[in-house]
């Protein structure tokens, strides 16, 4: 795709803001064609993989996947042989942490409500990014997304929730029995990994599985990041339980854990932890 006719995908859950952004883009970048407008992160990933746009404009806060999570999931599924990874820009309500993170990582952003002058600057940067786009575009995007995932207010929890004092030692998980509800007290020291599953989080030990309703991000904020590694958007693994990392014929990494038979997929966003493979 040439710079004269690039295509964009807009992900914004507020229809009026999506329409306003599309109208402003038509004035600021007339050559840009809007391939699709979607209202949630899952649709953004699905449509981007189908349409392979040159530019992605992602709202940070959307139902389901956030804009940051959608970008990470898209990067994990992207086929570099088919097309270079899209140039990224995020749309956000004003947040000093978010703005600082975007500026530090040289990722462009738009503040709501979108101002024409700021949009013109973003369009100029995106055009420049398309002119310079090449095979390493995906690796550059992954490096930026890794850093953004650690930024307070974006991917990482506020510091107040990640201190040693807030760390969990025991997890309470409920199960139904014939005579009522039983509460299990599961020592975190016995947990091998956590995995998000629909409305629940699976808690896996060597012996059994429990289900809890605490969101994975909230749970991660109370765990020692040196003890539990994020290997996928929905998976936290006890580092000391990792027996080996296996790269399959497609180049994707999977982990084998001591005490569990299943393999756990490692997303591209976190594969840098296993550079030696």
Condition broken by residue 91, with the remaining ones in (1) outside any strand (DSSP E or B); (2) touching a residue at least 60 places away in the same chain (Cβ under 8 Å); (3) crowded, with 23+ Cβ neighbours inside 10 Å satisfied: (1)
Being touching a strand residue (DSSP E or B) at 6+ places or on another chain (Cβ under 6 Å) and in the same structural domain as residue 129 (by TED's automatic domain parsing) narrows it down to one residue among 40, 76, 54; which is it? 54
Is it the case that the range 260-277 has a residue that's more than 26 Å from residue 65 (Cα to Cα) and in contact (Cβ under 8 Å) with a residue 60 or more places away in the chain? yes
Determine which single condition residue 257 fails, assuming it passes every other condition in (1) modelled with pLDDT of 95 or more; (2) touching a helix residue (DSSP H, G or I) at 6+ places or on another chain (Cβ under 9 Å); (3) closer than 30 Å to residue 85 by Cα. (3)
For residues that are buried (at least 16 other Cβ atoms within 10 Å of the Cβ) and either touching a residue at least 40 places away in the same chain (Cβ under 8 Å) or not assigned by TED's automatic domain parsing to the domain that holds residue 127 (or both), scanning just the range 17-37, find the one that is nearest to residue 141 (Cα to Cα). 32
Just for the range 41-76: of the residues that are farther than 18 Å from residue 141 by Cβ and surrounded by fewer than 18 Cβ atoms within 10 Å (Cβ to Cβ), which one is farthest from the chain's Cα centre (by Cα)? 50
Residue list for the range 1-18, restricted to those being in a helix (DSSP H, G or I) and either touching a strand residue (DSSP E or B) at 6+ places or on another chain (Cβ under 7 Å) or modelled with pLDDT of 95 or more (or both): 18
Complete set of residues in the range 94-131 that are touching a residue at least 60 places away in the same chain (Cβ under 8 Å), surrounded by fewer than 14 Cβ atoms within 10 Å (Cβ to Cβ) and not in a helix (DSSP H, G or I): 113
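The values are calculated or read from the model by the stated rules, or taken from the named source; none is laboratory data. Here the structure is a predicted model, which means the values were calculated and not measured. No Cβ is skipped: glycine too gets one built from the backbone with ideal geometry, and neighbour counts run over all protein chains shown.
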